[in-house]
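Readers should treat all values here as calculations from the given coordinates under stated rules, not as data from a laboratory. From a predicted model like this one, the values you see are computed outputs, not experimental measurements. Every residue, glycine as well, gets a Cβ built from its backbone with ideal geometry; the counts of neighbours run over all protein chains shown.
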Amino acid sequence: MRLFYHLGRYSIFLRRVFAKPEKHSIFFRQVLKEIDSLGINSLGIVLIITVFMGAVVTLQTAYNIESPLIPRSTVGLAARDSILLEFSSTIVCLILAGKVGSSIASEIGTMRVTEQIDALEIMGVNSIGYLVLPKIVGFLLIIPFLVIIGMGIGVLGGWFAVTFTGVVPTEDYIYGIQFSFKPFYIVYSLIKSVVFSFIISSVSSYFGYYTKGGSLEVGKASTIAVVSSSIIILLFNLLLTQLLLV
């Protein structure tokens, strides 16, 4: 029954989120601020994750292909498809669910327990729209760029791996990267990342907004927000893969 309770309250929460902003000029400044806070500040962890992820996927693929009948260029092909289809979107968004999601939940939760949100409501401000909508819009706008950068850095990480270890000739790896490339894989990954970014920002904001108690409850809300976002991301990953690829 708690599931249906949260689904209903989350639906009402979203309806208030997408109400008309108080002032467009203030909303625009808030969106730019959230793009910097949630997106640009996450670029470092995205680069670190994707470069090592690309290198590890490439090396594992190379070490597990032992048959002489399989061309070595298959390593580049498998690494490219793994990075484009799954790692650059799903894994990166799961990591960002921990970083960005906990940040959003703790920020809004702290405002709730310190009665700053109550003060906004008393002044007649739509507190949900004022606090949450810029975060959702800002994260939706910046996440495709993070994913595209992650794709390139992941493939580059694989190239670094084969160059320094010599498990696969560089020319074979590059040929595998280029072989039978399907541009829709990038579109598919971007669609997933946009959906996942909406889940992260809205679910984390929801749990932060309805926090009750003190600082201990803010920490619990952050944890619940990260866990819930991760589970929902995995569920939608399955659904989107079934809808878009199968």
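For each pair in Lys135/Lys182; Lys33/Lys99; Lys99/Lys135; Lys192/Lys220, compute the distance between the two Cα atoms and list the pairs where it is over 24 Å. Don't skip to the end; give the middle numbers.
Numbers: Lys135/Lys182 32 Å; Lys33/Lys99 17 Å; Lys99/Lys135 14 Å; Lys192/Lys220 28 Å.
From the list (Lys135/Lys182; Lys33/Lys99; Lys99/Lys135; Lys192/Lys220), the Cα-Cα distance tops 24 Å for Lys135/Lys182; Lys192/Lys220.
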Open item on the list: For the pair Phe52/Glu121, report the inter-label distance in nm, with labels modelled 7 Å from Cα in the Cβ direction.
Closed with: 4.3
- [ ] Identify all aspartates and glutamates with a Cα-Cα distance to Lys212 below 16 Å; exclude those on the same chain that are fewer than 8 residues away in sequence.
- [x] Glu107, Glu115, Asp118
- [ ] Express the relative contact order of the chain as a whole percentage, based on alpha carbon pairs under 8 Å and six or more residues apart in sequence.
- [x] 34
Task: Nitroxide proxy distance, nm - points 7 Å out along Cα→Cβ at Leu14 and Ile224 - done: 1.9
- [ ] Could you sort 127-134, 184-191, 237-244, 195-202 so that the peptide with the highest average Cβ count within 10 Å comes first and the rest follow in order?
- [x] 195-202, 127-134, 184-191, 237-244
- [ ] For each of Lys135, Lys182, count neighbouring Cβ atoms within 10 Å of the residue's Cβ, then give the residues from fewest to most.
- [x] Lys182, Lys135
TODO: Determine, for Asp172, Asp36, the number of other Cβ atoms within 10 Å of each Cβ, and report the residues in order from fewest to most.
DONE: Asp36, Asp172
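Under a Cβ-Cβ cut-off of 14 Å, what is the net charge of the residues other than Thr223 that fall near it, where Lys and Arg count +1 and Asp and Glu count -1?
Working: positive: Lys99, Lys220; negative: Glu217.
Overall, the nearby charge balance is +1.
Rg to Rh ratio, segment 22-244, alpha-carbon atoms and Kirkwood radius?
Numbers: Rg = 20.5 Å, Rh = 18.8 Å.
That ratio equals 1.09.
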TODO: Find out how many positive minus negative residues lie around Thr61, taking Lys and Arg as positive, Asp and Glu as negative, among other residues whose Cβ is under 14 Å from that of Thr61.
DONE: -2
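In what order do Arg15, Arg72 fall by count of nearby beta-carbon atoms within 10 Å, going from fewest to most?
Arranged by neighbour count, lowest to highest, Arg15, Arg72 become Arg15, Arg72.
Which GluC sites (Glu not before Pro) in segment 72-177 pass both tests, a DSSP loop state and at most 16 other beta-carbon atoms within 10 Å?
On the way: sites: Glu86, Glu107, Glu115, Glu121, Glu171; in loops: Glu115.
Passing both the DSSP loop test and the Cβ count: Glu115.
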